[in-house]
2 protein chains.
Amino acid sequence: MAANKTDATQRRARPQPGRRAQLRPIGVIRSDIKKRSEAPMQGSEGAPDAWLEVKSFAARALDGLQVGNDVIVVTWLHMARRDVLKVHPRSDRRRPLTGVFATRSPDRPNPLGLHRVTLREIVNNRLRIGPIEAIDGTPVVDIKPVLSRLQDF
Amino acid sequence: MAANKTDATQRRARPQPGRRAQLRPIGVIRSDIKKRSEAPMQGSEGAPDAWLEVKSFAARALDGLQVGNDVIVVTWLHMARRDVLKVHPRSDRRRPLTGVFATRSPDRPNPLGLHRVTLREIVNNRLRIGPIEAIDGTPVVDIKPVLSRLQDF
């Protein structure tokens with residue numbers, strides 16, 4: 001019985017077809033922003049550049065990215081609250097409580113962050129990106145190219 | 001011992017601060033596209049409108065969304081492969097193998113889909129959205145407003 005349990009655990013830990021919606025970080029943000037209170041609300045609001053350290057298992061998936069590309073970095077906002085469904089937009093209490101799906105609040109049922117950044121430098125599996133408001137240690141779960149200058153984000 | 005194990009399992013199953021990166025679907029796509037082979041590669045390539053059925057626990061988070069808004073629907077592409085790191089872009093074998101982070105392939109370590117759609121109709125917790133290339137039954141994990149017409153996606 002104990003052996004079976006171990007086998008099952010190992011099966012779950014391996015990458016699987018996507019039926020089980022467990023994210024596996026592909027990298028991590030290394031930033032001078034250390035606390036949520038220090039982070040601007042959006043990258044365009046004075047955020048710094050940061051390093052994205054890609055884990056070795058995922059490094060091959062970077063092939064084709066080039067310095068100067070704009071990409072969407074998808075983060076898991078690990079300090080966010082998942083039980084919040086309404087917020088005052090931009091934490092301004094004068095603004096009425098609004099559903100989180102109508103805001104960019106990090107607090108939401110699945111705290112995914114979308115960050116449109118420019119790829120400034122590539123050093124092996126480390127990417128210099130920015131501007132980005134994510135705090136140091138934030139897990140990264142995906143990187144996607146920007147499709148078109150005509151589409152908004 | 002058995003009781004302790006049950007308690008721990010229940011603790012893990014409740015919504016938690018985001019340290020554990022387990023997605024909890026907030027809704028599901030109801031579409032006439034039933035198979036991956038029928039889906040256009042992007043919403044802008046002839047995709048239909050679809051219904052997004054939001055689960056009752058998350059319905060309050062919709063407050064503030066309005067018909068005519070453009071939103072980003074984030075899906076979990078549950079039919080995708082998570083062990084693929086390189087693909088031929090747009091499944092065109094004449095194009096060289098490219099890292100999935102430089103493509104929009106659904107096959108990638110964390111198969112998240114980003115869909116910029118227009119909100120066409122709201123009927124209680126059902127949203128008519130489109131165009132969207134996601135197949136019927138695709139779990140939805142987040143909805144975010146488009147921030148600016150000046151930002152690409």
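Read-outs throughout are calculated quantities, based only on the coordinates presented, and are distinct from any laboratory measurement. Only a predicted model underlies this, so the values are computations on that prediction, with no experimental measurement involved. Cβ coordinates were reconstructed from backbone atoms using ideal geometry, including for glycine residues, and neighbour counts include every protein chain displayed.
Which distances in nm, rounded to one decimal and ordered from shortest, link the label point of B:Asp63 to the equivalent label points in the other identical copies, with labels set 7 Å from Cα toward Cβ?
Result, one decimal in nm: 5.1.
List every residue whose amide H lies under 5 Å from the amide H of A:Ile33, counting only residues 5 or more places away in sequence or on a different chain, with H placed 1.01 Å from N in the peptide plane.
Amide H neighbours of A:Ile33: A:Asp136.
Among A:Phe101, A:Phe57, what is the fewest-to-most ranking by other Cβ atoms within 10 Å?
Arranged by neighbour count, lowest to highest, A:Phe101, A:Phe57 become A:Phe57, A:Phe101.
Once the label point is set 7 Å along the Cα-to-beta-carbon vector, what list of distances in nm do you get between B:Val84 and its counterparts in the other copies?
Those label-point separations list as 3.7 nm.
Which far-off residues, 5 or more places away or on another chain, put their amide H under 5 Å from the one on B:Val141, with H placed in the peptide plane?
B:Ile26, B:Val74, B:Thr75, B:Trp76
Please turn the phi angles of the range B:93-103 into ³J(HN,Hα) values with the Karplus equation 6.51 cos²θ - 1.76 cosθ + 1.60 (θ = phi - 60°), one per residue in order, whole Hz, x for glycine and proline.
With the stated coefficients, the range B:93-103 comes to 5, 6, 8, x, 4, 9, x, 4, 6, 9, 9 Hz.
Measuring label to label, 7 Å along Cα→Cβ, what does B:Glu45 give against each other copy in nm, shortest first?
Values, ascending and in nm: 3.6.
Return the subset of A:Lys55/B:Lys35; A:Lys144/B:Lys144; A:Lys55/B:Lys144; A:Lys86/B:Lys144; A:Lys86/A:Lys144 for which the Cα-Cα distance in this structure is over 22 Å, preserving the input order. Mind dumping the intermediate values first?
Values: A:Lys55/B:Lys35 33 Å; A:Lys144/B:Lys144 17 Å; A:Lys55/B:Lys144 28 Å; A:Lys86/B:Lys144 13 Å; A:Lys86/A:Lys144 29 Å.
From the list (A:Lys55/B:Lys35; A:Lys144/B:Lys144; A:Lys55/B:Lys144; A:Lys86/B:Lys144; A:Lys86/A:Lys144), the Cα-Cα distance tops 22 Å for A:Lys55/B:Lys35; A:Lys55/B:Lys144; A:Lys86/A:Lys144.
Can you tell me what the convex hull of the Cα atoms of the range A:20-108 projects to on average, as an area in nm²?
Taking the Cα atoms of the range A:20-108, their convex hull projects to 7.9 nm² on average.
Which aspartates and glutamates have a Cα lying under 12 Å from the Cα of B:Lys34, excluding residues fewer than 8 positions away in the same chain?
Here the aspartates and glutamates satisfying the reach criterion relative to B:Lys34 are B:Glu133, B:Asp136.
What is the sum of charges, Lys and Arg at +1 and Asp and Glu at -1, for the other residues whose Cβ falls under 10 Å from the Cβ of A:His88?
Residues near A:His88 contribute +4 overall.
Report relative contact order for the range A:24-153 in percent, whole number only (criteria: Cα-Cα under 8 Å, sequence separation at least 6).
41 percent
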